[in-house]
Amino acid sequence: MEEWKLRPARDLGLRPLDRLRSLGRESGLVSLALNATWRRSVRAYLATAHRFRVEGRENLPAGPPFVLIANHASHLDALALSAALRGEAARRAHAMAAGELFFGSAARSAMAAYAINALPVWRGRSRRGDLDTMRTRLAEDSLVYILFPEGTRSRTGAMAPFQPGLGMLVAGTQIPVVPCWLEGARAAWPAESRTPRPGRPLHLTIGPALRFPDARNDRTGWEAVSTAAEAAVRRLAPRGMQPGPPEPSSN
């Protein structure tokens, strides 16, 4: 039997605002309760306002850790993927969110951390050490990451090429990557709109999980992971509605 060791909380000693913005943030009773309330509210909204439907839920792993990825064209995307999760996976899910948008002030940081349970990714400021922290936490803390490898929301519906950050998290591991396709999300709440558009249906298709134990944990391996994951997401698009040419990747 492995010897039990006490591990201090990863966010121990951080000031309150720094803790909210930390990639090492751990959930307490208050944040767990707030997040559970938020999840119930989001599920109710999606079901009533967008007739949210999930296909392929059986493809989700039995439990964490794993990574959920999808096309990204709407403010609803992370909420929809989170709403598809249940039990321990839902409680351990963290959406990767743009730090500038969701963590730019104390109020937004509190909302993102306690309600959405998001972790910040700072465009142009994230370091290799940040991704190493996320990779370590994913495995050691048995988390679920909700990630959009395009890096930004599409303004046209066409899916942009995947960036290699996904590969940096899972290359050389057995951690499943679950490809998903969101249909109708852009119509329900496009990136250029300030408010959602109730009445527009939203459909999530979940595909079979991918694993990359033989991928090299270097640039070549990361790009191979991203290429395979992008192809798996594209294959889930409805017949006759395949995504158009890739958008140029941008921040």
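Just so you know, all these numbers are worked out from the coordinates, no wet-lab data involved. Just so it is clear, the model here is predicted, and its values are computed rather than measured. Ideal geometry is used to build each Cβ from the backbone, glycine not excepted, and the neighbour counts take in all protein chains shown.
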Report task. Report relative contact order for region 1-120 in percent, whole number only (criteria: Cα-Cα under 8 Å, sequence separation at least 6). Result -> 35
Query raised in the report: Arranged from highest to lowest average of other beta-carbon atoms within 10 Å per residue, in what order do the peptides 115-121, 97-103 appear?
Result: 115-121, 97-103
Query raised in the report: Mean separation of Cα pairs under 8 Å and 6+ residues apart, divided by the residue count of the chain: what relative contact order is that in percent?
Result: 26
Query raised in the report: Hey, how many Å between the Cα centroid of region 161-227 and the Cα centroid of region 44-116?
Result: 12
Report task. For L29 and A237, compute 0.36 nm times the residue count separating them, minus their Cα-Cα distance, and round to one decimal in nm. Result -> 71.0 nm
Report task. Go ahead and estimate [θ] at 222 nm for the chain from helices alone: -39,500 (n - 2.57) per DSSP H run with n ≥ 4, summed, over the residue count, rounded to 500. Result -> -10000 deg cm²/dmol
**Report entry** Local net charge near A47, Cβ-Cβ under 12 Å (Lys/Arg +1, Asp/Glu -1)
**Finding:** +4
Report task. Counting other Cβ atoms within 10 Å, keep those with at most 16, restrict to DSSP loop, and tell me which trypsin sites (Lys or Arg not before Pro) in region 177-218 are left. Result -> R194, R216
Query - Normalised per residue, the volume of the convex hull around the Cα set of region 16-235 (Å³) - result: 115
